[in-house]
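A.B. asks: Next up is a structure, given as C-alpha cells.
Bear in mind these aren't lab numbers, they're just calculated from the coordinates by the rules spelled out. Note that the structure is predicted; figures quoted are calculated from it, not measured. Every residue, glycine among them, receives a Cβ derived from its backbone with ideal geometry; neighbour counts consider all protein chains shown.
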Amino acid sequence: MLLNQFLLLSAVLFSIGVYGVLARRNGVLLLMSIELILNAVNINLVAFAAFTGTIGGEVFALFVIAVAAAEVGVGLAMVLLLYRSSRTIDLTTVDRLRG
Amino acid sequence: MGLDLLTLAFERPAIDWHAFAPELVLLAAGCLITLVDIVFLEKARPYTAALAGIGLLATAVPLLTLAVDGTERVMFDGAYVVDEFSLVMKALFLLAGYVVVLLSTNYVAEGDYWENEYYGLLLASLMGMVMMASARDLVSIFVALELLSIPAYLLVAWRKRDLHSTEAGLKYYLMGVFASAVMLYGMSLLYGVAGSTMLADIGTSLAGMETSPAVVTMGIVFVVAGFAFKVSAAPFHTWAPDVYEGAPTPVTAFLSVASKASGFVALLVFVFVGFYARSEVWEPLFWILAALSMTVGNLVALRQTNVVRLMAYSGIAQTGFMIAPLAVAGHGVVNGDQALSAVVTYLVIYAAMNLGAFTVVIALARRSGSAELTSFNGAFQFAPGLTVAMSVFLFSLAGIPPLGGWFAKFEVFRVLATAGEPWGYALAIVGAVNSVVALYYYASLARRMWADDPVDGDLGPVPVTPSIMSALTLCGIVTLAFGVAPQLVARFTDVSLLAFGG
C-alpha cells in the first residue's frame, strides 16, 4: 500500500495552505487557503482509513466536508459584509482595533 | 478494506434518551425561538429573551435528574459519555449562558438589531458546548467544536452596521477556522496512528509505544495548538483583545467564559483520555503555554486604557493559571486527578467572577457609552453599589481571600507544589510573581473607581435594570460563597477522567 505518497501530497497541500493564510491578505484567497488545509486533512483521513482498513476516517472526512461548507458560507457572508461597508476585501485596510 | 463494512446490515444503536435529555430540551428551546419568530414576527420580540432564559432553566432539569441518578452513561461505544465531569461542565455552560441572556436582555433590544436570531444562535452555541462536555471521539469533538464556534463568529459580527464589529467578526472567524483546520490535521495524524477515532482507543494505542514517534508528537502539538487558540493562551492569543473590543459586550462575556471553558473541556478530555501516556510531549507544551500566557497577559494588561481590552488581557493571564496544573499532570492517577480538579475548580470560579466583572462593565457603559478606563473614574460617587460589586470581582480575580478567586489560585499552586518536580516549582514562582503584577492593575482600576473624580462631573445615577441586577446577584453570591466555603465547589469539582480512560 502506497501510504507515503498520499501523506506527502497532503503535507505539501497543508504547507501551501498555511503559507497562504499567513502571506495573503485578500479575504477570498484566505478562505481558499483554509480550504486547502481542510482538503489536506481529508486526503490524510481517507489514506489512513484505506491503510488501516477502518471506516472511521472516511466517515470523519465526510463530516469535515459538510462542516467546512457551513464554515465557508459564514466566511463568505462576513467578507461580503466587509465589502458592503468598506468597498474592499483587502484585510490590510481593516485595522481599526488595536492598542 | 473499509468499504466492506457498508454491506453489513445496519443495526440501530441503543440510545439512552435520558442521557440525551439536556441536549434535546436545548434543541427544542432553540427551535421554539425560531418558530415563534416566524409565526408572530414583531409581536414576539419582547418575549424572546425570556423564552431563551426559560429554555436554559428547563435544560437544567434533566441535568439535575441525571446528577441525582448518578450512573455513568456510555453511548455509541464510548463516543458520547455522560459522567460527573461532563455534568459539572454542562451545568457551568448552562449557568454561564443564562447569565449572558440576562446581560443581553436590554443590550440587544436597545441596539435595534435582530433579537430572535441572536438568542437562537446563542442557544445553538451553547448546544455545541453541552455536546463538547460529553464528546469522547474525534468526530464528535470536531462537530461540537464547530457547532459552538460558527454561531459565535456570527454573534461577534452582530452589530453589522458597525465596522468595528465586522472587523472583530472577520478576525475571529479567520483565526478560528485556521486554528480548527490545523487541529484537524493533527487529529488526522492521530487517527492514522491509532486506526480509530475513539479517544480511548487512541489512548491505548499511544500507551503501547516506547517513545513518541514524530507523527504522534506532531499530532499532539497541532491539537493542543488548536485548542490553545480557543482558550486564548499566548502565543495564540492575538485575536482576543481585538475581538473582545469589537464584539457586543454580552457576547464578549460569553466568549471569555463559556467559549474558553469549552476549549478547556476539550483539552482536558484529550489530555486525560487520549494523550495521557505521552506526558513527555504535552507537559513541556503546557508549561510554555502557561508561563507565556501569564506573563504576556499581565504585562500587556498594565498599559491598557480600555476596560474591555484590560479584561481580555486579564483573561489571557487567567488562562495561564488554568493551564498551569496540566504542566505537571502526567505522573499517575492521583496527581492527574488533582490537576483535573484544580482546572475545573478554576473554570467554575473564574466563570462567576469574570461574568460578574463584565456585568458591571455593561451596566456602567450604558451610561457613558464607552468602555474607556477614564469613564470609570469616581464611579463610587454615582454608582456606589456597582463599585462595591466591581471591587469584589476584581479582588477575586486577583486572588485575595475570602473571595472565590483565592481558592482557585490556591488549588493551582497546591498541584504545582505537590508534584515535587523542579519544573513545577519554577512554574509556581512564575505564577506567584504574576499574581503580584495582576494585583497592581486590578487594584488600580478599583482605586480609580473609589478615589478619583468623575471626568465629566456628571453625577446622575446609573440605571440598573432588573436583569442586570439578577446577574450581578447571582455572580456575587457564587463568588463569595465559593471563597468563604471552598468545600462547596470542591464537592462538585472532585471529578476524574483517568478512571475511564484507563
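A.B. asks: Would you mind finding the longest exposed-site-free stretch of chain B, with exposed trypsin sites (Lys or Arg not before Pro) meaning DSSP loop and at most 16 other Cβ atoms within 10 Å?
C.D. replies: Formally, the longest exposed-site-free interval is B:304-502.
A.B. asks: Ranked by Cβ crowding within 10 angstrom, fewest neighbours first, how are B:LEU364, B:LEU190 ordered?
C.D. replies: Fewest to most other Cβ atoms nearby, the residues stand as B:LEU364, B:LEU190.
A.B. asks: Mind giving me the nanometre distance, one decimal, between the label points for B:PHE76 and B:SER496, set 7 Å out from Cα along Cα→Cβ?
C.D. replies: Reported label-point gap for B:PHE76 and B:SER496 is 2.7 nm.
A.B. asks: In whole Å, how far is the Cα centre of the range B:46-89 from that of the range B:105-144?
C.D. replies: Distance between centres, Cα-based: 15 Å.
A.B. asks: Quick one: check the C-alpha center-to-center distance for the range B:248-276 versus the range B:186-227, whole angstrom.
C.D. replies: With the range B:248-276 and the range B:186-227 each reduced to a Cα centre, they are spaced 20 Å.
A.B. asks: What is the helix-to-structure angle for B:48-69, meaning the angle in degrees between its Cα long axis and the longest Cα principal axis of chain B, kept from 0 to 90 and rounded to the nearest 10?
C.D. replies: Approximately 40 degrees, to the nearest ten.
A.B. asks: Right, another one. Name the long-range amide H neighbours of B:VAL455: under 5 Å, sequence gap of 5 or more, or other chain; modelled H, no Pro or chain starts.
C.D. replies: Under 5 Å from the amide H of B:VAL455: B:ASN377.
A.B. asks: If you don't mind, there's one more thing I want to ask. Would the range A:4-88 count as rounded, prolate or oblate if I go by the C-alpha gyration tensor, calling it rounded below 1.5 in a/c and otherwise prolate when a/b exceeds b/c, oblate otherwise?
C.D. replies: Because a/c hits 1.5 or more and a/b fails to exceed b/c, the range A:4-88 counts as oblate.
A.B. asks: Before rounding to the nearest 500, sum -39500 (n - 2.57) across all DSSP H runs of length at least 4 in chain B and divide by the residue total; then give [θ] at 222 nm in deg cm²/dmol. Each step should come with its number before you reach the end.
C.D. replies: On the way: 21 runs with 364 residues, N = 502.
Taken over chain B, the calculation gives -24500 deg cm²/dmol.
A.B. asks: Ok, one more. Can you tell which of B:SER188, B:MET390, B:LEU138 lies farthest toward the positive end of the dipole of the range B:15-501, using +1 and -1 charges on the Cβ of basic and acidic side chains (Lys, Arg; Asp, Glu)?
C.D. replies: B:MET390
A.B. asks: Related question: Return one number: the angle in degrees, 0 to 90 and rounded to the nearest 10, between the long axis of the Cα atoms of helix B:116-134 and the longest principal axis of the Cα atoms of chain B.
C.D. replies: 40 degrees
A.B. asks: For a 20 Å ceiling on Cα separation, which of these pairs sit above it: B:LYS160/B:LYS230; B:LYS90/B:LYS230; B:LYS90/B:LYS160? Mind dumping the intermediate values first?
C.D. replies: Numbers: B:LYS160/B:LYS230 23 Å; B:LYS90/B:LYS230 18 Å; B:LYS90/B:LYS160 31 Å.
Check vs 20 Å cut-off fails for B:LYS160/B:LYS230; B:LYS90/B:LYS160.
A.B. asks: May I ask for the angle, rounded to the nearest 10°, between helix B:260-269 and the longest principal axis of chain B, with both axes built from Cα atoms and the value confined to 0 to 90°?
C.D. replies: With both axes taken from Cα atoms, the answer is about 20 degrees.
A.B. asks: Just to confirm my numbers, what's the Cα centroid distance between the range B:358-378 and the range A:9-66 in Å?
C.D. replies: Here the answer is 44 Å between Cα centres.
A.B. asks: Still on this structure, I have one more. Classify the range B:15-501: rounded, prolate or oblate, from the alpha-carbon gyration tensor (a ≥ b ≥ c, eigenvalue square roots; a/c under 1.5 rounded; otherwise prolate if a/b is larger than b/c)?
C.D. replies: Oblate, since a/c reaches 1.5 and b/c is not below a/b.
A.B. asks: Roughly how many debye, to the nearest 20, is the charge dipole of the protein assembly as shown about its Cα centre, given +1 on each Lys and Arg Cβ, -1 on each Asp and Glu Cβ, and no other charges?
C.D. replies: 1200 debye
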